Amino acid sequence: MEHTCPHCQSNRIVTRNHARKTCGSLGTLAGASMAIRSVKLGTTIGRFFGPPGIVAGGLAGMAFAGISGAILGNSTGTKLGTMLDNNVLNNYLCLSCTRAFSKPSQVYEGDCFSHDDLEDEHEETQFPTTLN
């Protein structure tokens, strides 16, 4: 199945993915912000083991929660952004006519018909002119 532009029927189409990139970055930052809280928690737990425990606890909290939070935030943000790109924004860009659009038209081999076929069907339909 090949995608085509609904305006010029070109098949030179690219996806822009603006929301996916933006939401993925914001999700990474939000997840990484967990590192600050995790450092505080790690140092609090590490106080029971003295000064080396404070440093080790802070580093462990930052490494585990910060990195895993950033990965989880990026994953969630990317999924949300993909949903926005596909359903809300004009995510597709035609390189031939430079127009952006939501969903490309799909060309099916063997099932094509022209616009003239639709007009012929419409002309054959007659509606009553007076109401009884």
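Quick grid of which residues meet (1) crowded, with 18+ Cβ neighbours inside 10 Å; (2) assigned by TED's automatic domain parsing to the domain that holds K103; (3) touching a residue at least 12 places away in the same chain (Cβ under 8 Å):
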residue	(1), (2), (3)
C5	yes, yes, yes
T22	no, no, yes
G31	yes, no, yes
V39	yes, no, yes
G46	yes, no, yes
P51	no, no, no
I54	no, no, no
G57	yes, no, yes
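Those residues that are touching a strand residue (DSSP E or B) at 6+ places or on another chain (Cβ under 7 Å) and in a helix (DSSP H, G or I), I need them from the stretch 53-96; list them, please.
Correct list: empty.
Can you tell me which residue is modelled with the lowest pLDDT among those in the stretch 6-39 that are β-branched (V, I, T) and either part of a helix (DSSP H, G or I) or farther than 25 Å from L84 by Cα (or both)?
Looking only at the stretch 6-39, we keep the residues that are β-branched (V, I, T), and these are 13-15, 22, 28, 36, 39.
Right, trim to either part of a helix (DSSP H, G or I) or farther than 25 Å from L84 by Cα (or both) and you get 22, 28, 36, 39.
Working: T22: 95, T28: 92, I36: 78, V39: 83.
Among those residues, the one meeting the criterion is I36.
Can you name the residue in the stretch 65-84 that is of a type in the set (A, V, I, L, M, F, W, C) and surrounded by 14 or more Cβ atoms within 10 Å (Cβ to Cβ) and, of all such residues, is modelled with the highest pLDDT? So that I can check it myself, show each step before the final result.
Quick first cut of the stretch 65-84, residues of a type in the set (A, V, I, L, M, F, W, C) only: 65, 67, 70-72, 80, 83-84.
Checking the rest, the ones that are also surrounded by 14 or more Cβ atoms within 10 Å (Cβ to Cβ) come to 65, 67, 70-72, 80, 84.
Working: A65: 84, I67: 86, A70: 90, I71: 92, L72: 92, L80: 95, L84: 92.
Of everything passing the filter in the stretch 65-84, L80 is modelled with the highest pLDDT.
Mind listing whichever residues of the stretch 40-52 are more than 42 Å from the chain's Cα centre (by Cα) and in a helix (DSSP H, G or I)?
Hits for the stretch 40-52 are R47, F48, F49, P51, P52.
The values are calculated or read from the model by the stated rules, or taken from the named source; none is laboratory data. Note that the structure is predicted; figures quoted are calculated from it, not measured. Here the Cβ is made from the backbone with ideal geometry for all residues, glycine too, and neighbour counts use every protein chain on show.
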